[in-house]
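Down below is the structure, laid out as structure tokens.
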Amino acid sequence: VVAALTGGLFGALLQSPAVLIGIGLLLAALAFSMFGLYELQPPTWMLEKVGGAGTTGAVGIFISGLVVGVIAAPCVGPPVVALLALVGAKGDPWFGFTSFFTLAMGLGAPYLILGTFSNLLQRLPRSGDWMVWVKKVFGVVMLSVGTFYISLAIAPKVSEWLLPAALIAGGIYLGFLDRSAGAKPGFRLLRWTVGVLGVVGGIAVIVTAPKEGVAFEAFDEQVLAATLKDGRPAMLDFTAEWCAPCHELERFTFSDPRVKAAVREFRAFKVNLTKYQSPEAERWRRQYGIGGVPTVVFLSPDGNEVVEARVEGFIPPAGFLERVQTALAATRQAAR
């Protein structure tokens with residue numbers, strides 16, 4: 001919730017390539033532990049101290065439950081960092097609460113079940129070589145997410161291809177190249193299934209990738225003024241190459257045929273705020289009241305913004321269409 005309420009702070013941090021690279025390197029470094037490069041193991045005395053053994057009373061058990069989160073940090077740290085970044089970028093407190101509540105319940109549910117039905121412990125699969133393979137699955141996921149953050153800072157246009165690349169490369173490695181799980185027939189079948197699904201999923205993402213989106217023009221203040229003077233409304237998309245939600249908006253919303261048809265009445269301009277702190281970008285942000293990217297602003301021919309139609313952050317096609325209809329209605333009303 002704090003991350004969402006201070007979304008501007010998180011947004012400002014994520015506007016720095018150095019921070020994006022730092023997050024990416026952190027996730028990549030933690031991923032290497034999943035591949036056995038090193039082990040993050042707390043001291044035995046600390047595990048015994050916070051493990052709850054010998055702890056009596058509700059307060060003592062509650063404190064042990066809180067402190068044990070520190071011990072679990074090497075395991076849950078990477079997804080927490082990634083989720084914090086996402087929550088901060090969206091700036092929605094309810095989304096932040098529900099996301100982390102879901103994460104907490106997901107992590108705690110198995111323990112609640114095992115604690116309630118303790119005899120299930122005897123039926124759990126025994127740890128062994130197969131657990132090494134499971135760790136590598138999470139390692140591939142974490143390494144992929146880390147690479148995504150680094151690409152946003154260095155080569156943003158490459159980031160949209162990382163998902164299919166991760167699925168294909170991860171599927172081949174986990175399904176057919178890695179031998180850490182042994183050669184048991186049942187588990188070998190599982191590995192092959194995961195590998196095939198990964199490769200097929202990656203190819204499917206490539207095949208179904210949208211080819212064309214809304215036809216934006218580079219922002220030009222003189223062209224915008226002439227457009228409004230001619231009585232045509234305008235749509236301004238404030239974006240940046242390092243902005244992950246901006247790429248989401250481009251890929252999933254602006255490529256939707258319904259959206260492309262609905263915005264034809266507007267002359268669409270793309271305002272590039274990649275150099276977010278530059279004097280020109282700062283002037284545009286002050287002029288249009290831009291608190292972060294992506295932001296889509298609709299202008300009626302009189303030059304005034306249709307405030308209720310403004311889009312901030314990623315929004316799916318259906319929601320975007322509602323904003324477009326609101327902007328069109330306001331524009332027609334003003335024309336009368």
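The values are calculated or read from the model by the stated rules, or taken from the named source; none is laboratory data. Everything quoted here is computed from the prediction, not taken from an experiment. Using ideal geometry, Cβ is built from the backbone for each residue, glycine included, and neighbour counts are taken over all protein chains shown. Accessible surface areas use protein heavy atoms only, side chains included; no ligands, DNA or RNA. Shrake-Rupley method; radii C 1.70, N 1.55, O 1.52, S 1.80 Å.
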Handout entry: Placed amide H near K270: partners under 5 Å, 5+ positions off or other chain
Key = E217, A218, F219, D237
Handout entry: Inter-centroid distance (Cα atoms) of the stretch 244-288 relative to the stretch 164-233, Å
Key = 22 Å
Handout entry: Cα-based convex hull, the stretch 261-315, per residue volume (Å³, whole number)
Key = 101 Å³
Handout entry: Solvent-accessible heavy-atom area per residue, rounded to whole Å², over the stretch 196-336 at 1.4 Å
Key = 52 Å²
Problem - For q = 0.26, 0.31 Å⁻¹, Debye-computed log10 I/I(0) when each Cα of the stretch 141-183 counts as one equal scatterer - result: -0.86, -1.03
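If you stretched the chain out fully between L177 and R332, how much longer would it get, using 0.36 nm times the residue separation minus the C-alpha to C-alpha distance? Write down the numbers at each step before the final one.
Numbers: separation 155, 0.36 × 155 = 55.80 nm, distance 6.14 nm.
Result: 49.7 nm gained on full extension.
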Problem - Environment charge at I172 (Cβ cut-off 15 Å; Lys +1, Arg +1, Asp -1, Glu -1) - result: +2
Handout entry: Two-site label geometry, Y38 and W192: point separation in nm, points 7 Å out along Cα→Cβ
Key = 3.9 nm
Completion exercise
Applied in sequence order to the stretch 130-144, the curve 6.51 cos²θ - 1.76 cosθ + 1.60 (Karplus, θ = phi - 60°) yields integer Hz couplings, x standing for Gly and Pro, of 4, 5, 4, 5, 4, 4, 5, 4, 5, x, 5, 4, 5, 5, 5
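So for each of 184-190, 199-205 I average, over its residues, the number of other beta carbons within 10 Å; can you give me the resulting order with the highest mean first?
Going by the mean number of other Cβ atoms within 10 Å, highest first, we get 199-205, 184-190.
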Problem - Calculated FRET value between D129 and E212, using beta carbons and R₀ = 56 Å, to 0.05 - result: 0.70
Practice task
Order D302, D237, most accessible first, counting only protein heavy atoms with a 1.4 angstrom probe.
Solution key: D302, D237
